[in-house]
1. Just to be sure I understand, how many residues within the stretch A:73-94 are more than 30 Å from residue B:556 (Cα to Cα) and touching a strand residue (DSSP E or B) at 6+ places or on another chain (Cβ under 8 Å)?
2. Any idea which residue in the stretch B:488-507 is surrounded by the fewest Cβ atoms within 10 Å (Cβ to Cβ), counting only those that are under 15 Å from residue B:665 (Cβ atoms) and within 14 Å of chain A (Cβ to nearest Cβ)?
3. Of (1) within 60 Å of the chain's Cα centre (by Cα); (2) more than 27 Å from residue B:16 (Cα to Cα), residue B:185 satisfies all except one. Which?
4. Residues that are over 20 Å from residue B:365 (Cβ atoms), free of Cβ contacts under 8 Å to residues at least 60 places away in the same chain and more than 29 Å from the chain's Cα centre (by Cα): list the strands (runs of 3 or more DSSP E) wholly contained in the stretch B:219-288 that include at least 1 such residues.
5. Just checking, which of B:616, B:661 is surrounded by fewer than 20 Cβ atoms within 10 Å (Cβ to Cβ) and under 23 Å from residue B:564 (Cα atoms)?
6. For residue B:193, indicate whether it is closer than 30 Å to residue B:365 by Cβ and surrounded by 17 or more Cβ atoms within 10 Å (Cβ to Cβ).
7. Quick check, is residue A:3 more than 11 Å from chain B (Cβ to nearest Cβ) and in a helix (DSSP H, G or I)?
């Protein structure tokens, strides 16, 4: 089985980008492609060929769900699992987000020291 | 019988009767005169004497007939005229008597038998005159004296003793006739008085009936305003009492103010003020009853200042009472005296008028006060609904209330609060107001929605009171405030808080994440002192995040943005799970959790996730405040129509001064607690909001030093949703 290393991360907030990037790369040992918007993600996704899509929900322009919907239309990514990150963690909202095809929702603020481990668990559970 | 005031009327009537008898007596005297001449034609009396006498008799008769005709032509008599006619009658009678009186002087025959015939004829005429003339004694006395006395004297002066005896008899006859005339006169006079009295009574009765009919016509006329009615009544009084000036006065101390006045030109204007002591009304006040003076200058109050100032001769007044208090007087007066004193009926009538005026004034005043009160109530922006405690039907709603719910007054009169408050069933509403009826609560404040006739919902805040006024039936009074505007502002505020909180959360996430990476060692080793500082920063960013999350939670629940997912939940299983979830935290604090609930199979209708949040809050609070190695009891039991879930700790308890505001936002018993124990101070507020969304209520009981029991009650029946 291919080793789980490549994550495409879409987040508009630069500081959170930095924190998550460190958490995933330095702590978790992942290879992370950070995009600041849905549009940027669509441009880079195919080349990067991610094994997981990690998407912020609330973003200006294309938000998380519409970005995911667009990414899923790229044939190479149609089966790539996706995880949303959001501050909104009401059960109804989680249920709503899962209908867009995500495999899980991670609540913000996340613990950067355990984020990589959490994602890895979710990814493997989904396989 | 005292009808002295009727003397002149009686006399007029007597005169009328005298004149009425003239034709008969003239006819009789003419016949007798003719017979006399016929009989005496053969006597020693010269024929020319007899003819002359007969002519005189005819002339006197003619004069009397003429008098009689003149009298009969007159229809109405005043008193003086009546006296003149009486005098004329007596003159005529005297002449008539003279015609008989002169017989023994000028027509005296020598033959004794003829003399006796004269005696018969004159005596017969006199006897006949008694019936016709006894109405006035003067007339009959003169007639008898003039007609019979000469005859009596002639006989007495005769040499014949038989004639002397007849002269005495004639004199005695005169006296006897006079006595019977007097008796007849007395009887006829009494008769006349009786007739006059009954006429007078009939007139008075008619006048009274007329006055009462007019009074009724005035008071019952809906077209007239009170002022117009009062003026009509004054005019009626003047007509009825035959007086000239009608006044309604208001008396206040010494001030006599004319409120209404009707009279001839020159009377004072309404609003004029006089000295009460100088008005006749002071006598009305002294007697405190209808009082009258029909002829002041001849009465005991002839020196009254009012008489001196205004020369008012007649006065009739009655006190006016408004709401049992003396207001002033209704009085009528005139510069002309009245012939007769005021009658009992007139007193009754003026009293009736005064009572009516007093009642009308009282009613108008109270109506005015009531209408001012009602207008104010009608115009109040807050809506006022009043409803009956038994039927719950509205019996008063103000303008605002009608506008708020869009129903008309008539429509609302057959409706109850439940008809416009769709959040309640009749049973729920009855349960809610029960403490007010039983007196356990003095008022009730609740928020709900009112449904407009067009189906629109209006958020309202209701202040409900049970009012039991003295002598009136108890009622519910609801002051309802439209919360639409306040809700909108509240929503704006909530949106603002929610936006701000959300905006706060993003940078906090970064800070929190960065610090977590550093303290977690992801960026390499750091000196111990730096680590300590970063730990403080980390702990506080966590607190800040907790606070922001709680605020967002609370706003969501309160604004109704948070959807509740109601399901039927097995209460025991739910409580067991809550104990399991919190066991970890409890054991960290060295506290044990005891599940005591015995009621297996109780089902509640709840959002399990939200309700768990409540349990978590109560349990974590209990754990925080429990002593080392303490225990916490989780229990449930029935209370009337709801089930109570309780969490009991045996810690310090809630200090008295904080008990009142415990469920308010940002309340913690000790401000240092938040450092020591953590928590945002919003937990109980959130729990309260969640429980209320379950149609339940939250509460606690606490004994400082002994511990606390926090509980929430949930309805057993499923709430409406």
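1. Filtering the stretch A:73-94 down to residues more than 30 Å from residue B:556 (Cα to Cα) leaves A:73-81.
Subset that is touching a strand residue (DSSP E or B) at 6+ places or on another chain (Cβ under 8 Å): A:77, A:80-81.
Matching residues across the stretch A:73-94 total 3.
2. As a first pass, look at the stretch B:488-507 and keep what is under 15 Å from residue B:665 (Cβ atoms): B:490, B:493-494, B:497-498, B:501.
With within 14 Å of chain A (Cβ to nearest Cβ) added as a condition, the list becomes B:498, B:501.
Working: B:498: 18, B:501: 20.
Residue satisfying both the conditions and the ranking: B:498.
3. For residue B:185, the failing item is (2).
4. On the way: elements: B:245-252, B:255-262, B:273-275.
Where strands (runs of 3 or more DSSP E) fall fully within the stretch B:219-288 and carry at least 1 residues being over 20 Å from residue B:365 (Cβ atoms), free of Cβ contacts under 8 Å to residues at least 60 places away in the same chain and more than 29 Å from the chain's Cα centre (by Cα), they are B:273-275.
5. Working: B:661 fails: under 23 Å from residue B:564 (Cα atoms).
Unique residue meeting the criteria: B:616.
6. Details: closer than 30 Å to residue B:365 by Cβ: no; surrounded by 17 or more Cβ atoms within 10 Å (Cβ to Cβ): yes.
No; evaluated as a whole, the condition is false for this residue.
7. Working: more than 11 Å from chain B (Cβ to nearest Cβ): yes; in a helix (DSSP H, G or I): no.
No; evaluated as a whole, the condition is false for this residue.
Here is a yes/no grid of residues against (1) in a helix (DSSP H, G or I); (2) free of Cβ contacts under 8 Å to residues at least 24 places away in the same chain; (3) surrounded by 15 or more Cβ atoms within 10 Å (Cβ to Cβ); (4) more than 10 Å from chain B (Cβ to nearest Cβ):
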residue	(1), (2), (3), (4)
A:12	no, no, yes, no
A:23	yes, no, yes, no
A:39	yes, yes, no, yes
A:45	yes, no, yes, yes
A:54	no, no, yes, yes
A:71	yes, no, yes, yes
A:92	yes, yes, no, no
A:96	yes, yes, no, yes
A:110	no, no, yes, no
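Read-outs throughout are calculated quantities, based only on the coordinates presented, and are distinct from any laboratory measurement. Keep in mind it's a predicted model, so treat the numbers as computed, not measured. No Cβ is skipped: glycine too gets one built from the backbone with ideal geometry, and neighbour counts run over all protein chains shown.
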